[in-house]
Structures are given as C-alpha cells and as structure tokens.
1. Given the condition modelled with pLDDT under 90 and surrounded by fewer than 10 Cβ atoms within 10 Å (Cβ to Cβ), answer yes or no: does some residue in the stretch 56-67 qualify?
2. Pull out all pairs, ordered by first then second residue, where Cβ-Cβ is under 8 Å, the residues are six or more apart or on different chains, the first lies in the stretch 3-26 and is charged (D, E, K, R), and the second is not in a loop (DSSP other than H, G, I, E, B).
3. Anything in the stretch 7-48 that is under 11 Å from the mean Cα position of the chain (by Cα) and in a loop (DSSP other than H, G, I, E, B)? List them, or say none.
Amino acid sequence: MEGQLPNTKQWVVFYSVYINSKKTVAEGRRINLSKACENPTCVEIGDCCNHLKLPLLLRFVYAFVLHVSLILSSFDSGDDELQR
C-alpha cells in the first residue's frame, strides 16, 4: 500500500470540537468536561493518534472551508452592494 491513499470509507471522523472544553454539548462537545481539553488542534490530535498507533488522515481543507463559511455566514452588513 506504499504510495497509495488508504481506504477511509469506514473510518471514524473525529473533529476537535468533540473534545474542546470551551464548547458546550449543544455546540458539539461529546465527552465529559473533566476529560476535555482547551482548544485542541488537528496537529495535537494527530500527535496523540500517532502515539497510540492509530491510523490517521488529516484533512485541513475541511477545517479551512468550515472556517471561511462561518466567517461569511456571521458577516452581516446593511450595505446592499455586499448582498448582491
């Protein structure tokens, strides 16, 4: 399998918000607050997966697109030119 992408169709998708202590359950946190960590990054989660010898595929593109869409959806201006 050297040089090939792994088959990830049945992998579990894990987002940093699942373990972020700054988020509420309503905002997406999925574990107990006492076991959560503050603002985990993809790289930190990847380091943990590597340490535990779990297969890993980071997809930074999704995080960027989500970030941009959140910025755009939260942008509210009364300027009609921006809304065309």
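The values are calculated or read from the model by the stated rules, or taken from the named source; none is laboratory data. Predicted, not measured: the structure shown is a model, and the values here were computed from it. Cβ placement follows ideal geometry from the backbone for every residue including glycine, while neighbour counts extend to all protein chains displayed.
1. yes
2. Hits for this filter: Lys23/Val17.
3. Val13, Phe14, Tyr15, Gly28, Asn39, Pro40, Thr41
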